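Quick one: structure below, then a few questions.
What follows draws every value from the coordinates through simple rules; no lab data is involved. Here the structure is a predicted model, which means the values were calculated and not measured. Here Cβ is always computed from backbone atoms with ideal geometry, including for glycine, and neighbour counts include all displayed protein chains.
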Amino acid sequence: MAKLTAAKRRALPGSAFAVDHAKRKYPIQDKAHARNALARVAQHGTAAEKATVRRKVKAKYPSIKIGGKK
């Protein structure tokens, strides 16, 4: 996974984040970050955030398995 610096994170559009464009949580601009977002939201996210991240990752990267399902 490429390092995402603060400057690069600020430059990303809101659509590159899985949760709330204003909060800019869980960047999913590439597959590696999408997998990481799934792992982090599983550890620290609310039920609503988990559902949102799973839905957005599945829509953007259908080849990524979510919860052991394809």
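Within the stretch 3-17, which residues are closer than 9 Å to Pro27 by Cα and of a type in the set (Lys, Arg)?
Matches in the stretch 3-17: Arg9 only.
Out of all the residues in the stretch 22-47, which are charged (D, E, K, R) and touching a residue at least 24 places away in the same chain (Cβ under 8 Å)?
Answer for the stretch 22-47, where residues must be charged (D, E, K, R) and touching a residue at least 24 places away in the same chain (Cβ under 8 Å): Lys25, Asp30, Lys31, Arg35.
Filter the stretch 23-70 down to residues that are outside any helix (DSSP H, G or I) and of a type in the set (Lys, Arg) and give me whichever is surrounded by the most Cβ atoms within 10 Å (Cβ to Cβ).
Lys25
Right, here's the next one. Considering the stretch 1-22 alone, what residues qualify as being within 14 Å of the chain's Cα centre (by Cα) and not in a helix (DSSP H, G or I)?
Scanning the stretch 1-22 gives Met1, Leu4, Leu12, Pro13, Phe17, Ala18, Val19, Asp20, His21.
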